[in-house]
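*Asks:* Below is a structure I'd like to ask you about.
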Amino acid sequence: MMENSMVTVKEQKGYVEEVIILDGRQDMLKYSLSNSLEDIKIAIYERTGHTVSFDDTSWKINSQLSINAKQLMNKHHADYSMTVLSNGKRRKIIINMRHGDIWFITGFEEIKGSFYTWEQMFIYRTVKRLVRIFKADE
């Protein structure tokens, strides 16, 4: 559940931003919410400085979407939400989509200053693992 919440309305940009502070943790998550995927692209650019394309992404059913994200999307009647997670070295962009009562997820991950879809990251990690295996066999 949300402990505290701050809303910043961005009407001129077509999306709403809301920062939540999570219970029992000192984490803050900043969500951008909209009914337009184009507005989410703008929010991604403003938060990361990078443009992304949803042409090569695949949406997967998200049965584990956090209650916080669902509550925010319902509160703002938004079809899409986006947040950026960072561990200091890499950033991940997570986008949720609501279609009726079904929730979907897709995302991007950063490597060396560029963002790649989760599918591209899967291929990257698989190839990297295979290279290590072949090098170990030599």
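*Asks:* Here are some residues: THR106, THR117. Which one is in contact with a strand residue (DSSP E or B) (Cβ under 9 Å, 6 or more places away or on another chain), surrounded by 14 or more Cβ atoms within 10 Å (Cβ to Cβ) and more than 22 Å from GLU17 (Cβ to Cβ)?
*Replies:* Going through THR106, THR117 in turn, just one is in contact with a strand residue (DSSP E or B) (Cβ under 9 Å, 6 or more places away or on another chain), surrounded by 14 or more Cβ atoms within 10 Å (Cβ to Cβ) and more than 22 Å from GLU17 (Cβ to Cβ): THR117.
*Asks:* Does VAL52 satisfy being under 20 Å from GLU119 (Cα atoms), touching a Lys or Arg at 6+ places or on another chain (Cβ under 9 Å) and in a loop (DSSP other than H, G, I, E, B)?
*Replies:* Details: under 20 Å from GLU119 (Cα atoms): yes; touching a Lys or Arg at 6+ places or on another chain (Cβ under 9 Å): yes; in a loop (DSSP other than H, G, I, E, B): yes.
Yes.
*Asks:* If you don't mind, another one. When both residues are 6+ apart or on different chains and their Cβ atoms are under 7 Å apart, which pairs have a first residue that lies in the stretch 55-73 and is more than 17 Å from LEU37 (Cβ to Cβ) and in contact (Cβ under 8 Å) with a residue 24 or more places away in the chain, and a second that is part of a loop (DSSP other than H, G, I, E, B) and open to solvent by 70 Å² or more (accessible area, probe 1.4 Å)?
*Replies:* ILE67/MET1
*Asks:* Given LYS128, LYS135, which one is of a type in the set (D, E, K, R), at pLDDT 85 or above and surrounded by fewer than 13 Cβ atoms within 10 Å (Cβ to Cβ)?
*Replies:* Numbers: LYS135 fails: at pLDDT 85 or above.
Testing whether each residue is of a type in the set (D, E, K, R), at pLDDT 85 or above and surrounded by fewer than 13 Cβ atoms within 10 Å (Cβ to Cβ) leaves just LYS128.
*Asks:* Same structure, new question: Return the total of residues in the stretch 43-68 being under 15 Å from GLY107 (Cα atoms) and in contact with a strand residue (DSSP E or B) (Cβ under 8 Å, 6 or more places away or on another chain).
*Replies:* Qualifying residue count, the stretch 43-68: 15.
*Asks:* Continuing with this model, one more query. Could you tell me whether ILE93 is in contact with a helix residue (DSSP H, G or I) (Cβ under 7 Å, 6 or more places away or on another chain), hydrophobic (A, V, I, L, M, F, W, C) and open to solvent by less than 60 Å² (accessible area, probe 1.4 Å)? I'd like the intermediate steps shown before the answer.
*Replies:* Details: in contact with a helix residue (DSSP H, G or I) (Cβ under 7 Å, 6 or more places away or on another chain): yes; hydrophobic (A, V, I, L, M, F, W, C): yes; open to solvent by less than 60 Å² (accessible area, probe 1.4 Å): yes.
When the stated conditions are applied, ILE93 passes them.
*Asks:* Does SER32 fit the bill of being closer than 21 Å to SER86 by Cα, small (Gly, Ala, Ser), modelled with pLDDT of 75 or more and surrounded by 15 or more Cβ atoms within 10 Å (Cβ to Cβ)? Show your work before the answer.
*Replies:* Values: closer than 21 Å to SER86 by Cα: yes; small (Gly, Ala, Ser): yes; modelled with pLDDT of 75 or more: yes; surrounded by 15 or more Cβ atoms within 10 Å (Cβ to Cβ): yes.
Yes: the conditions hold for SER32.
*Asks:* Considering only the stretch 79-132, how many residues are in a helix (DSSP H, G or I), under 15 Å from the mean Cα position of the chain (by Cα) and touching a residue at least 40 places away in the same chain (Cβ under 8 Å)? Show your work before the answer.
*Replies:* Going residue by residue through the stretch 79-132, those that are in a helix (DSSP H, G or I) are 118-132.
Narrowing the set further to residues that are under 15 Å from the mean Cα position of the chain (by Cα) leaves 118-119, 121.
Checking which are touching a residue at least 40 places away in the same chain (Cβ under 8 Å) leaves us with 118-119.
Residues flagged as in a helix (DSSP H, G or I), under 15 Å from the mean Cα position of the chain (by Cα) and touching a residue at least 40 places away in the same chain (Cβ under 8 Å) within the stretch 79-132 amount to 2.
Conditions (1) of a type in the set (Asp, Glu); (2) more than 16 Å from the chain's Cα centre (by Cα); (3) at pLDDT below 85; (4) surrounded by fewer than 15 Cβ atoms within 10 Å (Cβ to Cβ), marked per residue:
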residue	(1), (2), (3), (4)
LYS13	no, yes, yes, yes
GLU17	yes, no, yes, no
GLY24	no, yes, yes, yes
LEU37	no, no, no, yes
THR48	no, no, no, no
LYS60	no, no, no, yes
SER63	no, no, no, yes
ASN74	no, yes, no, yes
HIS77	no, yes, no, yes
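The values are calculated or read from the model by the stated rules, or taken from the named source; none is laboratory data. Quantities reported herein were computed from a predicted structural model and do not represent experimental measurements. Positions of Cβ are generated from backbone atoms using ideal geometry, with glycine treated the same way; all protein chains shown enter the neighbour counts. When the accessible area is computed, the model is the full protein with side chains, heavy atoms only, and any ligands, DNA or RNA have been set aside. Shrake-Rupley method; radii C 1.70, N 1.55, O 1.52, S 1.80 Å.
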